[in-house]
Amino acid sequence: MHRGGRVEKEMPNRINDKIRGVREVRLVGDNVEQGIYTYEQAMRIADAQNLDLVEISASADPPVCRVIDYQKFLYQKKRKEKEQKQNSKKVEIKEIRFGPQTDEHDYNFKLKHAEEFLKEGNKVKAYVFFRGRSILFKDQGELLLARFCNDLEGVGKPEAMPKLEGKRMIVMLAPKKG
């Protein structure tokens, strides 16, 4: 959309005269009497305060509108989203690979790492990789993963039983809450 040489950005909320096709709105805001008003009354209230009428929830019946400075509203919304993004921790999936005949030292080394990953709140994807004819040892791989899940019982729990996918036998472990 070009208007007078500048590109008009798509607005996430309808404001003022862009709110069309509604007779009544539920008005909320800091310095307004909350309630249901006709669209015209709501616009007069917003104009009297030199503020915008911003549609907050279009799907409500009647639509919810707030009397606020639109730029301030966008700023607060952006800040709130940024805070939520900072507070949410991204869960990573850490992979640990075994061979069907992994020796005791390697097993313990990988177990220690998996324990650390789970304590940090990450998921662990442990798998036994079968090369060539080593697929004959898939029961050993299953025992290894079962032992691995059992040893990590205190910090994590398996999401499902170990399953064979191609040349890999995979088990996912999620950190325990609390």
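Of everything in segment 119-147 that is touching a helix residue (DSSP H, G or I) at 6+ places or on another chain (Cβ under 7 Å) and within 14 Å of residue 102 (Cα to Cα), the residue that is surrounded by the fewest Cβ atoms within 10 Å (Cβ to Cβ) is 130.
Scanning segment 29-38 for residues that are at pLDDT 85 or above and surrounded by 15 or more Cβ atoms within 10 Å (Cβ to Cβ) yields one hit, 37.
All conditions but one from (1) within 30 Å of residue 40 (Cβ to Cβ); (2) among the acidic types (Asp, Glu); (3) outside the structural domain of residue 31 (by TED's automatic domain parsing) apply to residue 69; the one that does not is (3).
Taking into account only those residues within segment 50-64 that are without any contact (Cβ under 8 Å) to a residue 24 or more places away in the chain and loosely packed, with under 14 Cβ neighbours inside 10 Å, which is nearest to the chain's Cα centre (by Cα)? Among those that are without any contact (Cβ under 8 Å) to a residue 24 or more places away in the chain and loosely packed, with under 14 Cβ neighbours inside 10 Å, it is 59. Across segment 136-166, which residue is modelled with the lowest pLDDT among those that are touching a Lys or Arg at 6+ places or on another chain (Cβ under 7 Å) and not small (Gly, Ala, Ser)? So, considering only residues that are touching a Lys or Arg at 6+ places or on another chain (Cβ under 7 Å) and not small (Gly, Ala, Ser), the one modelled with the lowest pLDDT is 164. For beta carbons closer than 7 Å, sequence separation of 6+ or different chains, a first residue in segment 112-130 that is closer than 18 Å to residue 159 by Cα and a second that is among the acidic types (Asp, Glu) and not in a strand (DSSP E or B), the qualifying pairs are 122/92. Under the condition of being at pLDDT below 80 and out of contact with any Lys or Arg (no Cβ under 9 Å at 6 or more places or on another chain), the residues counted in segment 11-28 number 6. Just to be sure, is residue 90 closer than 30 Å to residue 164 by Cα, at pLDDT below 85, exposed (fewer than 12 other Cβ atoms within 10 Å of the Cβ) and within 32 Å of the chain's Cα centre (by Cα)? Yes, satisfied.
Do we have residue 130 as in the same structural domain as residue 161 (by TED's automatic domain parsing) and more than 17 Å from residue 169 (Cα to Cα) here? In short, no. Applying the criterion of being surrounded by 20 or more Cβ atoms within 10 Å (Cβ to Cβ) and among the hydrophobic types (A, V, I, L, M, F, W, C) to the residues of segment 150-175, the residue that is nearest to the chain's Cα centre (by Cα) is 173.
The values are calculated or read from the model by the stated rules, or taken from the named source; none is laboratory data. Here the structure is a predicted model, which is why all the values come from computation and not from measurement. Using ideal geometry, Cβ is built from the backbone for each residue, glycine included, and neighbour counts are taken over all protein chains shown.
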